[in-house]
Structure formats: C-alpha cells, structure tokens
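S.K.: Would you mind keeping the following structure in view while I ask a few things?
Any read-out appearing in this document is the output of simple, stated calculations on the displayed coordinates, not a laboratory observation. In this text, all values refer to a predicted model and were calculated from it rather than measured experimentally. Using ideal geometry, Cβ is built from the backbone for each residue, glycine included, and neighbour counts are taken over all protein chains shown.
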Amino acid sequence: MAKPITETTPEATDLYPIRTVCSITGLNPVTLRAWERRYGLIKPRRTPKGHRLYTQFDIDRINEAVRLLDRGIPISQVRQILDHRQEQGAVQKETAGHWVRHIDDMLHAIGMFDEHRLDALYNEALSLYPVDTVTRYLMIPLLHELGLRWASAEGSIAEEHYFGVFLRNKLGARFHHLRVPQTGPRLLAACLPRESHEIGLLIFSLMAKIHGCSIVLLGANMPLTELPRAARRARCHAIVLAGSKGYDYPQLPPELKAAVLESPVPVFVGGGYSVHARDVIAAAEAIPLGEDIPHAIKYIERVLGES
C-alpha cells in the first residue's frame, strides 16, 4: 500500500502547500478554493489532516488560467478552454457578454444607491478573479460608462460621486493591506495640481503594487514643487503623475517643466490628460503614459531598466 503523502514525507518534495502556491501565483486562498469547489479547475491532493497540496502541474494550470482571465475570459469558460482548447471566436463573444452583464448589474446597484448589492457584486468578482483582471475588465469600463451616462444626462453626478467614494474606500483598503514581494522600482505617485479625481491613480497604484512595485502614494491635488524633494527623501526611482481626461490647469506647462528639471528621477504622466496633452507633456520633458495601466507599468519598468 502506498504511503500517505504528508508535509514531511519525501514524496512531498514535489508538492506545495497553499501558502506557497499563493505566493507563486499571486492569488489568495479564497480564490483557489473557489476555483476548486465551484469550477473543478484544479484538484489538489490532501494530507491525512485535510491540508491541500499542489503539484507543479497544478501551478502551471493556475498560471495559465490567470493568463486567460487577463484576456477577459470568464472563469466559467477557463476549464473548458484548458481541457479542450475550444475555438476562440465563440469564447470571445461569450467573454464580452459576461463582463457586460456584470457591469450592467453594478450600474443598476449604483443607480439604486444599493451599497449592499454593490458590495456583493464587487466581492463576488474578486473571489473569482485576480484583482488586476477585475480592475481591467470591470472597474475601468464601469467608470467609463458612468462618465458617459453623466455626460449624456442618462445618469447623475450623484451616481458618479457615490461610486467614486465606494471604490476609493475599496481600493484604499486593498492597497494598504496588500502584501506582495516588492521586487520592482519604487514609485512616487500623485495627481497633478488641482486634480481631484484620484480613482485612476489608486487603480494604477494598486496594480503596480500587485506587479511588485513599491508605491509612495500622495493622492490628489499635489503641488509639483514638493515632488522632487519627496522623491529624494523617499529614494524613489520615478515620479508618476495622473490627470483625468477633463483636466485643465493653465499653469501646468511651466510648473511641470520646472519639476522635471529639478527632479532626480524620470517624471511620467498618465491618465486621460496624457492622451490629449501628449505634446505639452513631452515639451516639459516628462514622459506621457496614456490610459492603458498594464502597458504603462511595463513601460515604466522598461524605461527605468534602460536608464
């Protein structure tokens, strides 16, 4: 009879406890257990005491699942794709519908100012998907949709503010409690002066932290004259500034230019403002990033690596 595998037997050398798998994959135990129970995506072995043990095959499968989720594929489709490698055209159509339905459900909860329902939908998404997947395919499109609703008078400023407060609390709590190895650059993150919309900055900071960056977060409406000294004292590798699409501050070009000249590190500017004011930012010798947050993080790392 085969000897039962435990954490201390030689057979366990190729098996990993859940805490190790979470460290390797970046997922949390709640998500791994949900993937196992609800979707049968992974089937870990068990010790005599009931503790889960994972093989390298399980870890590879989890990482592949994360890559599929990063492409926007819903968790309900992932096992089928991994097992059978379906045609991607039908899957992509279903993928779009999945996130649209979730966005519609959250929009309805926001319109009713139903915090209980909104919280339940948000927590459900985070229990099944990595936070950067939820941010990319749910939070960012939802914020965009709210902006469109307000601009077309279909929604209200109250709805946008209501969700902004909700999301600021959620992102802030997750940012401050997130514990991941910080192997990337140290970034000083702040909004441009007189910029009060800080949700984009919070999303950037959270996703950068998940990807291993160390973040010194200063928040909204930051005077540029303070940043070079703060970057020196905090020993940061770069300054990252954020401005929304409607940002307008006539004094920004000379102030940004002066800050860049004084800064000991590169200065990046992201968000909607960096798209339509790309020439202004470049003229100040700062580096425009655009609105694609995952791409911006990779670009910052590449620029810093080259310098």
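S.K.: Testing the spin-label approximation: label points 7 Å from Cα along Cα→Cβ at Arg101 and Ala158. State their distance in nm.
M.R.: 3.1 nm
S.K.: Let me know the volume per residue of the alpha-carbon convex hull for the stretch 10-70, in Å³. Intermediate values should be presented prior to the final figure.
M.R.: Numbers: hull volume 5.0 nm³, N = 61.
Roughly 82 Å³ of hull volume per residue.
S.K.: Let me ask something else about it. Based on the inverse mean of 1/r over its pairs of different Cα atoms, what is the Kirkwood hydrodynamic radius of the chain, in Å?
M.R.: Details: mean 1/r = 0.0468 Å⁻¹.
Hydrodynamic radius (Kirkwood, Cα pairs) of the chain is 21.4 Å.
S.K.: Let me ask you something else. Exposed loop trypsin sites (Lys or Arg not before Pro) only (DSSP loop, at most 10 other Cβ atoms within 10 Å): please give the longest stretch of the chain free of them, not including the sites.
M.R.: Numbers: sites that count: Lys49, Arg85, Arg179.
It runs 180-307.
S.K.: Write down Rg/Rh for the stretch 178-238, rounded to two decimals, with Rg from the C-alpha atoms and Rh from the Kirkwood relation over Cα pairs.
M.R.: Details: Rg = 11.6 Å, Rh = 11.9 Å.
That ratio is 0.98, to two decimals.
S.K.: Give me Tyr299, Tyr273 ranked fewest to most by other Cβ atoms within 10 Å of their Cβ, as a rough exposure proxy.
M.R.: Values: Tyr299 17, Tyr273 26.
The most exposed by this proxy come first: Tyr299, Tyr273.
S.K.: Over the chain, what is the relative contact order in whole percent, taking alpha-carbon pairs under 8 Å and six or more residues apart?
M.R.: Details: 403 pairs, mean separation 33.0, N = 307.
The normalised contact order for the chain reaches 11 percent.
S.K.: Still on this structure, please answer the following. Which shape class, rounded, prolate or oblate, goes with the stretch 141-270 when its Cα gyration tensor gives a ≥ b ≥ c as root eigenvalues, a/c under 1.5 marks rounded, and past that a/b bigger than b/c marks prolate? Walk me through the intermediate numbers first.
M.R.: Values: a/c = 2.65, a/b = 1.31, b/c = 2.02.
Oblate is the answer for the stretch 141-270, as a/c is 1.5 or above yet b/c matches or exceeds a/b.
S.K.: If you don't mind, there's one more thing I want to ask. Expected output is a single nm value to one decimal: the length gained when fully extending between Arg45 and Asp292, i.e. 0.36 nm times separation in residues minus the C-alpha distance. What is it? Numbers along the way, then the final one.
M.R.: Numbers: separation 247, 0.36 × 247 = 88.92 nm, distance 3.94 nm.
Answer, rounded to one decimal: 85.0 nm.
S.K.: Follow-up question, since we're still on this one. Say each of Ala230 and Ser127 gets a label point 7 Å from the Cα, pointing the same way as Cα to Cβ; how far apart are those two points in nm?
M.R.: 3.8 nm
S.K.: Can you pull a Stokes-Einstein diffusion coefficient for the stretch 216-307 at 10 °C (1.306 mPa s), Rh from Kirkwood over Cα pairs, as a whole number of µm²/s? Walk me through the numbers before you get to the answer.
M.R.: On the way: Rh = 13.3 Å.
The estimated diffusion coefficient comes to 119 µm²/s.
S.K.: Quick one: how many lysine pairs does the chain have with C-alpha atoms less than 20 Å apart and a gap of 8 or more or different chains? Give me the count, please. Show your work: numbers first, answer last.
M.R.: Numbers: Lys3/Lys43; Lys3/Lys49; Lys170/Lys209; Lys209/Lys298.
Going through the chain pair by pair, I get 4.
S.K.: Turning to a different aspect of this structure: Show that you can apply the helix-only estimate: for the chain, add -39,500 (n - 2.57) for every DSSP H stretch of four or more residues, divide by all residues, and state [θ] at 222 nm to the nearest 500. Please report the intermediate quantities before stating the final value.
M.R.: On the way: 15 runs with 174 residues, N = 307.
Computed ellipticity for the chain at 222 nm equals -17500 deg cm²/dmol.
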